[in-house]
Amino acid sequence: MQGIKGWLEANPQRRRELFDVNPSYVFFRTLHSSGGGPIGALGVPLTDGHSLAVDPRYIPLGAPVYLATTWPLDGSPKPLTRLMHAQDTGGAIRGAVRGDFFFGFGTEAGMYAGRMKQQGRFWLLLPRGMTPAPRP
């Protein structure tokens, strides 16, 4: 993400050209009354550091998901493990173990989000004895 932002700053006249050929660029609109982050697929504000966008064909929206990965710190092995909530979806998130971590707002969150390409593992947490319904 930092590379794309740098290119856009150096080539502002080509911004529209880039957006026209890349339908996957992400945008948010400001919602002053949301009381938190951007509104996710569940219709509630995303929670900094604990919201995960998932493929709802595999992970039900609203489900708790335990995440084990590493921080996106230039090859650092520093663990990033925590309970997340499947609160959003995304057009590029396809598959059982794909997700998009919402880091939040600000310079530090943007730095992490722009570098996050980590491999990781998910554990879908369901009540004992519950079997998820098959998805079409």
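Rounded, prolate or oblate: which fits the chain when a ≥ b ≥ c are the square roots of the eigenvalues of the alpha-carbon gyration tensor, with rounded for a/c under 1.5 and prolate only if a/b beats b/c?
Verdict is prolate for the chain.
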Using a 1.4 Å probe on heavy atoms of the protein chains only, the accessible area for E17 in Å², nearest 10, reads 100 Å²
Per DSSP, the loop-located chymotrypsin sites (Phe, Trp or Tyr not before Pro) within region 30-136 having at most 15 other beta carbons within 10 Å are F105
Total charge of the residues flanking R94 in space, meaning their Cβ is under 9 Å from its Cβ, with Lys and Arg +1 and Asp and Glu -1, is +1
Within the set T47, T107, T89, GNM on the chain using Cα springs under 10 Å gives the largest fluctuation to T107
FRET efficiency (A109, A10; Cβ distance; R0 22 Å; to 0.05) is 0.40
Over the chain, with neighbouring protein chains present, the accessible area per residue in Å² at probe 1.4 Å is 69 Å²
Simple SL model, points at 7 angstrom along Cα→Cβ for T81 and E17; separation in nm is 4.8 nm
Computed over the chain, the relative contact order (Cα-Cα under 8 Å, seq sep at least six) in percent reads 26 percent
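The values are calculated or read from the model by the stated rules, or taken from the named source; none is laboratory data. Every value quoted in this text rests on a predicted model; they were computed, and no experiment measured them. Because the Cβ atoms are built from the backbone with ideal geometry, glycine has one as well, and the counts that use them run over all protein chains shown. These accessible areas exclude ligands, DNA and RNA; they are computed on the full protein's heavy atoms, side chains included. Shrake-Rupley method; radii C 1.70, N 1.55, O 1.52, S 1.80 Å.
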